[in-house]
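The values are calculated or read from the model by the stated rules, or taken from the named source; none is laboratory data. These figures come from a predicted structure and were not determined experimentally. When we count neighbours, we look across all protein chains shown, and the Cβ atoms used for this are built from the backbone with ideal geometry, even at glycine.
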Amino acid sequence: MEATEIKHFIEAALLAAGRPLNIDQLKGLFDQRMAPEKAEIRKAIETLNIEYEDRGIVISEVASGFRMQVKAAMADRLQKLWEERPPRYSRALFETLALIAYRQPITRGDIEDIRGVSVSSNIVRQLLERDWVRVVGHRDVPGRPAMFGTTKGFLDYFGLKKLDDLPPLADLSDWESLRVQLNLPDVEDPSENGADAIADAAAQDLPVLYPQNDDAEESAAESAAEEQLTEESEEELVVNKWPDPIV
């Protein structure tokens, strides 16, 4: 198969898929008798990106594979296409997510010790339901608290290929730098009493998937996430333990 035909086929496949496709998935779309080598597929993607340099689209590689997307410079000007109001998240939620990403595997108690305030039940539920975090195991201490790590969905959403691509973060006071580098939305600062009030306010703009109640209901939500974990394939993202933030 000629290089031009391979290039055009991959371009069409990524446009039609609407989601990331890895090299094996792209190769599997070709007729087996005419399937190109993986190196040829990568070369075709590189050629497409060269052709896209002066255009408003790009093929980006994320954790799950390659996807076609509009360039960041075009995204703001295309907001009218997305009429639905984007979900609002609190700074407390993103601080919790940042701690999981940079310190994983980490327990809820660890997060509370670092932030100095309790973690809202809504925050844990939202992160699990967004498929940004998952239960990766249990700490071998009394009570066996769940340890959380990030998912491929987290990497895909923030346009990252692997955890090493996360921008360096000195501490949570460097929030604005992290927000800009990951292109996060503007969020409200937490009050002196912590982030629970802000999390509750943000939750009003999000579908509440579970009623906010006592710790027993939260444990049930975490147990459901753990059951889902056992059903996932071995190809699930392997979470590594991150070193302490740079001082």
- Message: Need pairs with beta-carbon distance below 8 Å; first residue β-branched (Val, Ile, Thr) and within region 1-22, second in a helix (DSSP H, G or I); sequence gap 6+ or separate chains.
- Response: Ile6/Glu40; Ile6/Ile41; Ile6/Ala44; Ile10/Leu26; Ile10/Ile41; Ile10/Ala44; Ile10/Ile45; Ile10/Leu48
- Message: Condition first: loosely packed, with under 15 Cβ neighbours inside 10 Å and at positive phi. Now tell me which residues in region 108-136 satisfy that.
- Response: Gly116
- List every residue pair whose Cβ atoms sit under 9 Å apart, with the two residues 6 or more apart in sequence or on different chains, where the first one lies in region 128-156 and is more than 13 Å from Pro105 (Cβ to Cβ) and the second, anywhere, is in a helix (DSSP H, G or I) and hydroxyl-bearing (Ser, Thr, Tyr). Arg130/Tyr157; Asp131/Tyr157; Trp132/Tyr157
- Candidates Val136, Val117, Val187, filtered to the one that is at pLDDT 70 or above, part of a loop (DSSP other than H, G, I, E, B), more than 19 Å from Val62 (Cα to Cα) and of a type in the set (Val, Ile, Thr): Val117
- Query: Restricting the first residue to region 101-124 and requiring it to be polar (S, T, N, Q), which pairs with a second residue that is crowded, with 17+ Cβ neighbours inside 10 Å and in a helix (DSSP H, G or I) meet a Cβ separation below 6 Å and a spacing of at least six or different chains?
  - Reply: Ser120/Asp196; Ser120/Ala199; Ser121/Glu218; Asn122/Ala199; Asn122/Ala203
- Note on the structure: Ile50 vs (1) exposed (fewer than 13 other Cβ atoms within 10 Å of the Cβ); (2) touching a Lys or Arg at 6+ places or on another chain (Cβ under 8 Å): all pass except (2)
- Read through the list (1) over 22 Å from Arg130 (Cβ atoms); (2) touching a strand residue (DSSP E or B) at 6+ places or on another chain (Cβ under 9 Å), then give the number of the only condition that Gln32 fails. (2)
- From the list Gly65, Gly28, which one is loosely packed, with under 12 Cβ neighbours inside 10 Å and not assigned by TED's automatic domain parsing to the domain that holds Gly116? Gly28
- Residue in region 61-72 that is in a helix (DSSP H, G or I) and over 24 Å from the mean Cα position of the chain (by Cα) present: no
- Message: Need the failing condition index for Ala16 against (1) assigned to a helix (DSSP H, G or I); (2) buried (at least 17 other Cβ atoms within 10 Å of the Cβ), just the number.
- Response: (2)
